[in-house]
Amino acid sequence: MINIAFTGGGTGGHIYPGLAVAMELKKKFADHETRIFWIGSSAGMDRSIVEEAGIEFFGVPSGKLRRYFSLKNIVDLFKIAGGFFAARKILKKQKAVLLFSKGGFVSVPPCAAASSLGIRTFTHESDFSPGLATKINVRYVLRTGGWVFTAYEDTKKFFSEKTLKRGLSDRVTVTGNPVRAGFYNADAAKGRAFLGLSGNDVRILLVLGGSQGATEINELIRAILPELTKVYTVVHQTGPNLSWDIPASQRYKPYPYIKEDMPHVMAAAELVMGRSGAGIWEWAVLGKPMLLIPLRGSGTRGDQVENARFFNKAGAAFVLGEKPDTNELMTAINELANDTEKRKAMAVSSGNIGKSGGAQKIAGFLLQEIDKIKGKNNEF
């Protein structure tokens, strides 16, 4: 039995790309006896998402890694230590031969635990610049002879010179971002059916704020909704905590969260609007023109701004300013709505980025590593 551990979580952006790799790896192991399990946070959304995908889940304590002073950092140090020992016990008992990390603060204890057990560790960074968790996990990758996968070519330059000299420069490969298989098989007709819309000529603006919603985006949409619905049927993923008195209608369709039907709904959309986390690679697979409002401010390291800048330079996205107002947003939407050729050009650029096939590349790489382990140990 080949046992492969995955880790990562805290947000959908750290879980869904990892699941894409896991599912691709399962396909490649069709003729082999293998098992994939996931180590994630014992609190939050991790368990439900992973188990819905049919993957065994083990929860561990997790503490957040903050770049600023907070008394919570002291408490979370104990959670991180607890997560390390819990993950070490799981990895040892389940006899994992390698660990793949999709990042997020949840992933640090399992990566440290894997390193302490001599389990080869791999990690993927979704954003243009590496997050703190990835920078920490890199040391475990180097200790175990693993690899770092990146979505962007320029990500490597953000690692420290010291880390690169220790051997990381030879252990980084660009794969793009892993995207779930459902986006490659999306059906616009199914998306319109889910929305209760008929006819191929329905113009849909899909507004996304992530799995938890985005207050800034929600308030902007609320303010200009009457103008938007003159042009588009607005499909709005609001997040679970939105409460306002705007009723759903044939021209406005709010949903707290769209799960398995999201690929089909996105395929039906003419334009997609939202943040610029790892999820925008799903939009790119479907070749969607993008209107981006990156998350900014003291609570973020600026990774979404960098991601948005890349897609903008590639011609796939229009990016709003630092403090977007309703006039700026409405002007941008009208400009794109009224310029068919511009939307077509953006769609081509978006689709070109989406061709990277990150999940397939990473799964193929991991399969080669597993074959090496099999040959070396002659255990399987």
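The values are calculated or read from the model by the stated rules, or taken from the named source; none is laboratory data. As the structure is a prediction and not an experimental result, all values here were calculated from the model. No Cβ is skipped: glycine too gets one built from the backbone with ideal geometry, and neighbour counts run over all protein chains shown.
Remarks
- Filter result for Val285 (among the hydrophobic types (A, V, I, L, M, F, W, C) and surrounded by fewer than 16 Cβ atoms within 10 Å (Cβ to Cβ)): no
- Residue list for region 147-169, filter: more than 16 Å from Gly131 (Cβ to Cβ), assigned to a loop (DSSP other than H, G, I, E, B) and free of Cβ contacts under 8 Å to residues at least 60 places away in the same chain: Arg166, Gly167
- Residue in region 108-123 that is surrounded by the most Cβ atoms within 10 Å (Cβ to Cβ), counting only those that are more than 17 Å from Thr150 (Cα to Cα) and hydroxyl-bearing (Ser, Thr, Tyr): Ser115
- Residue count for region 92-140 under the criterion of being among the hydroxyl-bearing types (Ser, Thr, Tyr) and free of Cβ contacts under 8 Å to residues at least 24 places away in the same chain: the result is 0.
- Exactly one residue out of Val179, Val231, Val207, Val202 is in a strand (DSSP E or B) and either in the same structural domain as Lys259 (by TED's automatic domain parsing) or in contact with a Pro (Cβ under 8 Å, 6 or more places away or on another chain) (or both): that is Val207.
- Selection within region 17-40 - surrounded by 24 or more Cβ atoms within 10 Å (Cβ to Cβ) and touching a Ser or Thr at 6+ places or on another chain (Cβ under 9 Å): Pro17, Gly18, Trp38, Ile39, Gly40
- Taken over region 1-16, the criterion of being of a type in the set (S, T, N, Q) and crowded, with 24+ Cβ neighbours inside 10 Å is satisfied by Thr7 alone.
- You will find that of Leu228, Leu206, the residue that is modelled with pLDDT of 95 or more, buried (at least 20 other Cβ atoms within 10 Å of the Cβ) and within 24 Å of Gly351 (Cβ to Cβ) is Leu206 and no other.
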